[in-house]
2 protein chains.
Amino acid sequence: MEHREFKKLQERTCEYFKNANIIITDKEKENIEVADFGLNDIENTGLQLVIYVNTDRVCSKEMVLFPRQTCPEHRHPEINGKMGKQETFRCRYGKVYLYIEGEENKNKKCNPPAKDEKYYTVFHEIELKPGQQYTINPNILHWFQAGDEGAVVSEFSTTSYDEYDIFTDSRINRIPEIKQ
Amino acid sequence: MEHREFKKLQERTCEYFKNANIIITDKEKENIEVADFGLNDIENTGLQLVIYVNTDRVCSKEMVLFPRQTCPEHRHPEINGKMGKQETFRCRYGKVYLYIEGEENKNKKCNPPAKDEKYYTVFHEIELKPGQQYTINPNILHWFQAGDEGAVVSEFSTTSYDEYDIFTDSRINRIPEIKQ
């Protein structure tokens, strides 16, 4: 991703925090993470986030999804004998549709990004409106997509080791490079 | 505390969540915890909170302090060989003054509740405005007070075992009884 595009996406992310009335510091604004998962298709597959805290015990993030943007299917495995990440998503603005292992819903509200369907395998839908939340246990496959207004979602979890996440799409590189 | 007073304090707490643009569900409203710490002096010593999640690994709460209300001095000890609670406070609305172990500040912005001064022993001040946060490690003595507008504060932490907290004021009973 070009540096200029990256900065533009950070600014767009700030607009969503404003919509959700979430206050972040100037330093947090500068450090907004823009993840395109190495697929170079951020409007469809991507995630923007501020990491509030990530110690060796606990983590909290504020995530933004643009309208219909998808965070691709993945799971949080055990690392060096330590249980995988347990995470709670709480919707703050817009709507987020979360898909996990379990019975596939009829009339699902989302489809995986076009041409990437083969990398999506779980379709049990959980719809989260502002104030609603859901806890995902370690190793459970999941993906999520924002509704038409985009979404702001708080995450409360155990330590994040994003580099160890296992994605169904083997093309994915979780840690994006920013060209300066 | 009488049930009627308890419900009134829950409603007052909801006003602060509105001020902070934080959306909670009707069930969460009903379950707002009102802690008077057994001191029966809630305007001075008390805390109101919604527990979003508290698993055996991670916890997240949304806390409300009324103007100048104080959460009394305490620490989170090791429990059965398990490290004590590590918690991050993030101010969302108003101002919160946090006091921890360390050098006492001159011109502190808060005093302990009148007549309870002897139960307060740490005076290193950390002022948190909306968007600012601070992480408190296990076993560190701390107390906090809202400024004149009250405060809404998010807490991201390891598991909460409130019943094991150790208060400097030995009169304190953390789990309040509600008279029905």
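The values are calculated or read from the model by the stated rules, or taken from the named source; none is laboratory data. A quick note: this is a predicted structure, and the numbers were derived from the prediction, not measured. Here Cβ is always computed from backbone atoms with ideal geometry, including for glycine, and neighbour counts include all displayed protein chains. Accessible surface is based on the protein model in full, side chains and every heavy atom, while ligands, DNA and RNA are left aside. Shrake-Rupley method; radii C 1.70, N 1.55, O 1.52, S 1.80 Å.
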Output the residues belonging to the stretch A:127-150 that are open to solvent by 10 Å² or more (accessible area, probe 1.4 Å), farther than 19 Å from A:A114 by Cβ and not in a loop (DSSP other than H, G, I, E, B).
A:E127, A:Q133, A:Y134, A:T135, A:E149
Matching residues, the stretch B:77-93, being more than 9 Å from every other protein chain (Cβ to nearest Cβ) and open to solvent by less than 10 Å² (accessible area, probe 1.4 Å)
B:G84, B:F89
From (1) open to solvent by less than 10 Å² (accessible area, probe 1.4 Å); (2) within 14 Å of chain A (Cβ to nearest Cβ), pick out the condition that doesn't hold for B:C71.
(2)
Output yes when any residue across the stretch A:36-50 is free of Cβ contacts under 8 Å to residues at least 24 places away in the same chain and over 20 Å from A:N173 (Cβ atoms), and no when none is.
no
Which numbered condition trips up A:F156, out of (1) within 25 Å of A:A114 (Cα to Cα); (2) of a type outside the set (V, I, T); (3) open to solvent by less than 20 Å² (accessible area, probe 1.4 Å)?
(1)
Filter the stretch A:159-180 for residues that are open to solvent by 50 Å² or more (accessible area, probe 1.4 Å), not β-branched (V, I, T) and not in a loop (DSSP other than H, G, I, E, B); which is farthest from B:T55 (Cα to Cα)?
A:K179
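Being farther than 30 Å from A:Y134 by Cβ, within 14 Å of chain A (Cβ to nearest Cβ) and more than 18 Å from the chain's Cα centre (by Cα), is that true of even one residue in the stretch B:45-63?
Filtering the stretch B:45-63 for residues farther than 30 Å from A:Y134 by Cβ gives B:45-46.
Checking the rest, the ones that are also within 14 Å of chain A (Cβ to nearest Cβ) come to none.
Within the stretch B:45-63 (the criterion being farther than 30 Å from A:Y134 by Cβ, within 14 Å of chain A (Cβ to nearest Cβ) and more than 18 Å from the chain's Cα centre (by Cα)), the answer is no, since none of the residues qualifies.
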Within the stretch A:11-46, the count of residues that are within 27 Å of A:Y119 (Cβ to Cβ), open to solvent by 10 Å² or more (accessible area, probe 1.4 Å) and not in a loop (DSSP other than H, G, I, E, B) comes to 3
For the structure I just gave you, tell me whether A:V122 is more than 14 Å from every other protein chain (Cβ to nearest Cβ), among the β-branched types (V, I, T) and in a loop (DSSP other than H, G, I, E, B).
yes
Go through (1) surrounded by fewer than 14 Cβ atoms within 10 Å (Cβ to Cβ); (2) of a type in the set (K, R); (3) under 22 Å from A:D148 (Cα atoms) and name the single condition A:K118 misses.
(3)
